[in-house]
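Structure record follows, encoded as structure tokens.
The values are calculated or read from the model by the stated rules, or taken from the named source; none is laboratory data. The model shown is predicted, which means the values in this text are computed figures rather than measured ones. Note: ideal-geometry Cβ built from the backbone for every residue, glycine included; neighbour counts use all protein chains shown. These accessible areas exclude ligands, DNA and RNA; they are computed on the full protein's heavy atoms, side chains included. Shrake-Rupley method; radii C 1.70, N 1.55, O 1.52, S 1.80 Å.
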Amino acid sequence: QNHPNPFNPSTEISFMLAETAEVELTIYDIKGRKITTLLNDQLIAADQVQRIGWNGVDDDGKNVSSGIYFYKLDTGSKIETKRMLLVK
């Protein structure tokens, strides 16, 4: 899960994999539009806590507005989606 949640201006997404995998970590808005990709097919080792920060900025470097966002963690064999709340 991410911490803090709700957050302003940034949050940290923490996860640990059961097996080594290539990971994609993507942020989406409430309408399902992609905001940014934090990890793109990066090889992540098993049994190690990973912490990835997001500062509320989209792929164009613009600050996003307050609201509900989702991060999707895709390991190829498993997809996990969690909700985050940005409050400004």
Qualifying strands (runs of 3 or more DSSP E) (wholly inside segment 11-57; at least 1 residues being under 11 Å from the mean Cα position of the chain (by Cα) and of a type in the set (Phe, Trp, Tyr)): 11-15, 21-29, 50-54
Yes/no for residue 61 being part of a loop (DSSP other than H, G, I, E, B) and under 17 Å from residue 9 (Cα atoms): yes
Residue count for segment 64-88, restricted to those that are open to solvent by less than 50 Å² (accessible area, probe 1.4 Å), in a strand (DSSP E or B), more than 30 Å from residue 20 (Cβ to Cβ) and in contact with a Leu (Cβ under 7 Å, 6 or more places away or on another chain): 1
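Okay, residues lined up against (1) touching a Lys or Arg at 6+ places or on another chain (Cβ under 6 Å); (2) of a type in the set (Gly, Ala, Ser); (3) surrounded by 17 or more Cβ atoms within 10 Å (Cβ to Cβ); (4) modelled with pLDDT of 95 or more:
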{"site": "6", "(1), (2), (3), (4)": "no, no, no, yes"}
{"site": "10", "(1), (2), (3), (4)": "no, yes, no, yes"}
{"site": "14", "(1), (2), (3), (4)": "yes, yes, no, yes"}
{"site": "17", "(1), (2), (3), (4)": "no, no, yes, yes"}
{"site": "20", "(1), (2), (3), (4)": "no, no, no, yes"}
{"site": "23", "(1), (2), (3), (4)": "no, no, yes, yes"}
{"site": "41", "(1), (2), (3), (4)": "no, no, no, no"}
{"site": "44", "(1), (2), (3), (4)": "no, no, yes, yes"}
{"site": "47", "(1), (2), (3), (4)": "no, no, no, yes"}
